[in-house]
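Please treat every number below as a calculation from the coordinates, not as lab data. Since we're looking at a predicted model, the values are computed, not measured. Because the Cβ atoms are built from the backbone with ideal geometry, glycine has one as well, and the counts that use them run over all protein chains shown.
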Ligand code: DX5
Ligand code: ZN
């Protein structure tokens, strides 16, 4: 498949969110990546339901909602109602992951699981067949603009192997420190959905940066 690009609005200008979303609408982006942080699972707080609903109002592309929150089951319906098209929960935040994944699917959303940098891909062996997507964190979640962790390539290779055996249609997303310098190697290692925050929004032309990630 052709890879997908999901710009992260965590790096957008929140005072000009409509403008930045219109840029994404007009660009080669495929999804809008929406980072939810609760100050508990990660040491930072981003934004909540009103901002997701406002984003939905202006975005023409699907919202890819990344839930960096404890006990996400409490809020799945509320994020769906706010406009989520896909929801990704963290392996480390879900003691009953199978139940959480079924709940996301019952809401009619694409269901994903994210792995922190220290969490091995092998832990997904018994759930991978139920997933639409796995998100490999290539930084520690909580902040944009961090340095890419090189062990990500090894994890992508492990995941590509597991996906080949058990779920060939799996989407494989990478999030954190993605830019023009590593995208080709990430694609080769098996990534097919690339999230990019600061490399897009700190660029002089964010739309050109998205184009360059889509056509590396
Ligand atoms: C980090 C978030 C990322 C973040 C990526 O916790 O999950 O989606 O926005 O930002 P960059 O691309 O700047 O590393
Ligand atoms: Zn994210």
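Bridge orientation summary for the chain: considering DSSP beta bridges with both residues in this region, about 5 percent are antiparallel.
If each residue's Cβ is checked for other Cβ atoms within 10 Å, how do 174, 52 rank with the fewest at the top?
Working: 174 30, 52 21.
Going from least to most buried by this count: 52, 174.
When each of the peptides 29-37, 114-122 is scored by how many other beta carbons lie within 10 Å of its residues on average, the order from highest to lowest is 29-37, 114-122.
Listed peptides 1-7, 130-136 appear in the order 130-136, 1-7 once ranked by packing, highest mean of other Cβ atoms within 10 Å at the front. If R0 is taken as 30 Å, the Cβ-Cβ distance between residue 188 and residue 123 corresponds to a FRET efficiency of 0.80.
Using r as the Cβ-Cβ distance of residue 58 and residue 181, and R0 as 30 Å, what FRET efficiency do you calculate, to the nearest 0.05?
Efficiency at R0 = 30 Å is approximately 0.45.
Treating r as the C-beta distance of residue 99 and residue 140 and R0 as 25 Å, the FRET efficiency rounds to 0.40. If the chain linking residue 22 and residue 151 were pulled fully straight, counting 0.36 nm for each residue of separation and taking away their Cα-Cα distance, it would gain 43.0 nm.
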